[in-house]
Amino acid sequence: MSRILKRFVNRPAEGLAMLMLAAMLMLVLLQVVGRYVFQNPPPWTEEAARFCMIWCGLLGAGSALFHRADPKLTKGLTSARALPALLLRAVRWLAISAFVLPWLIYGPGFVFRHWFRATEAMNWNSAVIVVIVPIAGLILLVYAFAQLVGWEQRSGEGGGAK
């Protein structure tokens, strides 16, 4: 099951996060060059870089959870015995669920409200930007559930992507 999550969920999410990071860096570079070389930065680059940062950050959070690169949440799992480890995984899942469930519950309404709004500088449909909130929430919840029931990558426990 871990291979399925990695292939169909994590790999595309990581790829999109890396693409958003590269786009954000290029947009910030364009903004800096426009501001300090030409004294006339394009007005849309700051907004586009912000949107790339939102997508990159939320998708990157899912990747960090998938690879257990969140040491404060997983530190006790590597050293605990069987029953305490199960209890720690359950508490971890509850904490992540409590954080993410509002994204899933209120996310569709949030996206719908943004459907009728446009961004300031680029005049894009705002829903295109905020749709990542429920998507990232679903990804995080799936990863947390997979780790709760033991579908996670055991090689990644204790920190860092491999």
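The values are calculated or read from the model by the stated rules, or taken from the named source; none is laboratory data. Remember, it's a predicted structure, so these values are computed and weren't measured experimentally. Please note: Cβ atoms are built from the backbone with ideal geometry, for glycine as well, and neighbour counts cover all protein chains shown. All accessible areas refer to the heavy atoms of the entire protein, side chains included, with ligands and DNA or RNA removed. Shrake-Rupley method; radii C 1.70, N 1.55, O 1.52, S 1.80 Å.
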May I ask you to verify whether residue 2 is under 12 Å from the mean Cα position of the chain (by Cα), under 17 Å from residue 138 (Cα atoms) and among the hydroxyl-bearing types (Ser, Thr, Tyr)? no
For region 33-58 the number of residues that are open to solvent by 70 Å² or more (accessible area, probe 1.4 Å), part of a helix (DSSP H, G or I) and either of a type in the set (D, E, K, R) or more than 18 Å from residue 135 (Cβ to Cβ) (or both) is 4
Suppose we keep only residues that are modelled with pLDDT of 65 or more and not in a helix (DSSP H, G or I) within region 67-84. Which one would you say is surrounded by the most Cβ atoms within 10 Å (Cβ to Cβ)? 68
What number of residues in region 85-103 are surrounded by 16 or more Cβ atoms within 10 Å (Cβ to Cβ) and free of Cβ contacts under 8 Å to residues at least 24 places away in the same chain? 1
Boolean, residue 97 is of a type in the set (S, T, N, Q), touching a strand residue (DSSP E or B) at 6+ places or on another chain (Cβ under 8 Å) and either under 22 Å from residue 3 (Cα atoms) or at pLDDT 90 or above (or both): no
Scan region 104-145 residue by residue and report those that are open to solvent by 30 Å² or more (accessible area, probe 1.4 Å), part of a loop (DSSP other than H, G, I, E, B) and under 18 Å from residue 52 (Cβ atoms). 120, 121, 122, 123, 124, 131
Output the residue which, of all residues in region 107-162 that are among the charged types (D, E, K, R) and either under 26 Å from residue 85 (Cβ atoms) or in contact with a helix residue (DSSP H, G or I) (Cβ under 7 Å, 6 or more places away or on another chain) (or both), is modelled with the lowest pLDDT. 162
